[in-house]
């Protein structure tokens, strides 16, 4: 798969040397922790090198990280071993992997993923299936479909690269279309927020399975 190959190539430089987590990552972690307890079972969908999954481990019973990139997963496992964190498991898998059981999870994180999948509605239906009743879905998604002039200009190269097949297909969400996609999959939005400075808008949403 082209996407898997691309993410494998990016893996070795994913964690910037000397830099831990960015400001937005810290905000996401802070908000996620409010919805966790010692019995929580969490899935980080598209976990990359596991940085956020590892930070949540102390607040949950189990944290599972999945990613389609084997190189990302290898790095995540190494980081968990180095830090001695035992309640985190990293696996090369997609959200539709049959090993994921329905209604088995208390929280699913999807960070900078929804705009990259081929069918976001299908993915969100799967997320709904995997969550327990009342489970929490946390997403942070670049809203590249906002109509601000600078945003449109910056998105032209992204659109062209996507059409050429050089990067994964991109969905140009607006904040409103993203919210509608999430609620249409059986979720109630309980905490919406913009977490990125202009001109790039990233929409942070906490939603609960109805």
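Values quoted throughout were computed directly from the atomic coordinates according to the rules given, and no laboratory measurement underlies them. This structure is a prediction, so every number in the text was calculated from the model and none was measured. Here the Cβ positions follow ideal geometry from the backbone for every residue, glycine too, while neighbour counts run over all protein chains shown.
With the simple spin-label model, which puts each label point 7 Å out from Cα in the Cβ direction, the residue 83 to residue 104 separation comes to 2.3 nm.
By count of other Cβ within 10 Å, fewest leading, how are 120, 169 ordered? Display every interim value, and only then the final one.
Values: 120 21, 169 13.
Fewest to most other Cβ atoms nearby, the residues stand as 169, 120.
Counting 0.36 nm for each residue step from residue 21 to residue 92 and taking away their Cα separation leaves a gain of 23.3 nm. Label positions at residue 176 and residue 70, each projected 7 Å from the Cα along the C-beta direction, are separated by 4.6 nm. I need 143, 47 ordered by Cβ neighbour count within 10 Å, fewest first. Listed from fewest to most nearby Cβ atoms, that is 143, 47. Judged by the gyration tensor of its Cα atoms, with axes a ≥ b ≥ c, region 1-72 is oblate; a/c meets the 1.5 cut and b/c is at least as large as a/b.
What full-extension length gain, to one decimal in nm, is calculated for residue 191 and residue 34 as 0.36 nm per residue of separation minus the Cα-Cα distance? All intermediate terms of the calculation are to be shown ahead of the outcome.
Details: separation 157, 0.36 × 157 = 56.52 nm, distance 1.17 nm.
My answer for the length gained is 55.4 nm.
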